[in-house]
Amino acid sequence: MEPNKLAEIASAEASKHEPRVTTKPFGSEWGTEYWGKWQTISYALYNLGVKPGATVLDVAMGVGWTTVFLAESGFRPTGIDIAPASVAIARDRAARYNVEIDSLAADMDDLDLGQTFGAALVFDALHHSVRPADVVARIAAHLAPGGWVLFGEPSWLHNISPHARRTSKDEGWVERGVRVRTLKRDCRAAGLGDFRRFYEGTQPHRGRALDFGYQAARVFAARAASAPKMSIWLAARRT
């Protein structure tokens, strides 16, 4: 197994009892960023016509907050993650919420679950892989005909982010930005098409002048190209 994957597994194991991790995205340490991203996920899935009751594959779910939120939204999620500790946290979270999820340890690079899903979510996951084209191909193979996959990943700015570089150095993870053009190319090669783009809204803010101006600039920049801390959102359908 590649060193970066071993580092992810070890990091999850070391932090599996930390409240900061087990309660993500709740708590001031996480800020408000993830709530805006969940809002985008929810809007996109319903806009794409993914119906309540649909099966949804949550790829590299981490500690499973998106998996539980999918269940709370009426979907039937299956979450996978390479780290067994993350899978355990996700199961505990589902029990606290009293919702049903399927969850198992699996590597997205060579995923083979022997079943297909009505949709898939890949949030903050693809940029950790050294073989993103293989990940996209494996996800496509797990989609039912006509099924959608929604990607939400950091833009190319992640490549020059000091925080991302520090995390990669300290933790041993892969931290790479994702370009829309490259992601579309990998999707086409995997038999995915009919692309749809989605965009995040602003973060909450207080001031009327500087704060508002900063948020407005980020929104416009994200639509034109990319902006710091704003994910690129791309949906593709199995044709």
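The values are calculated or read from the model by the stated rules, or taken from the named source; none is laboratory data. Please read these numbers as outputs of a predicted model, since none were measured by experiment. Positions of Cβ are generated from backbone atoms using ideal geometry, with glycine treated the same way; all protein chains shown enter the neighbour counts.
There is at least one residue in the range 1-13 that is among the aliphatic types (A, V, I, L, M), part of a loop (DSSP other than H, G, I, E, B) and at pLDDT below 90. Does residue 149 qualify as being touching an Asp or Glu at 6+ places or on another chain (Cβ under 6 Å), of a type in the set (A, V, I, L, M), on the phi < 0 side of the Ramachandran plot and surrounded by 16 or more Cβ atoms within 10 Å (Cβ to Cβ)? No, not satisfied. Within the range 22-44, the set of residues being assigned to a helix (DSSP H, G or I), within 16 Å of the chain's Cα centre (by Cα) and under 19 Å from residue 80 (Cα atoms) comprises 38, 41. The set of residues in the range 97-108 being in a helix (DSSP H, G or I) and either out of contact with any helix residue (DSSP H, G or I) (no Cβ under 8 Å at 6 or more places or on another chain) or surrounded by 19 or more Cβ atoms within 10 Å (Cβ to Cβ) (or both) consists of 108 alone. Counting only helices (runs of 4 or more DSSP H) that fall entirely inside the range 113-202 and contain at least 2 residues that are under 24 Å from residue 12 (Cα atoms), in contact with a Lys or Arg (Cβ under 8 Å, 6 or more places away or on another chain) and among the small types (Gly, Ala, Ser), no element qualifies.
Pairing each residue of the range 173-193 that is among the small types (Gly, Ala, Ser) with any residue that is not in a helix (DSSP H, G or I), provided the two are 6+ apart or on different chains, yields C-beta distances under 7 Å for 177/154; 177/155; 191/238; 191/239; 193/236; 193/237; 193/239.
When 79, 62 are screened for being buried (at least 21 other Cβ atoms within 10 Å of the Cβ) and in a strand (DSSP E or B), only 79 passes. For the residues 158, 142, the requirement of being of a type outside the set (A, V, I, L, M), modelled with pLDDT of 85 or more and in contact with a His (Cβ under 9 Å, 6 or more places away or on another chain) singles out 158. Just one of (1) free of Cβ contacts under 8 Å to residues at least 40 places away in the same chain; (2) within 21 Å of residue 148 (Cα to Cα); (3) not hydroxyl-bearing (Ser, Thr, Tyr) fails for residue 104. It is (2).
Among the residues here, residue 94 does not qualify as touching a residue at least 40 places away in the same chain (Cβ under 8 Å), part of a helix (DSSP H, G or I) and over 21 Å from residue 196 (Cα atoms).
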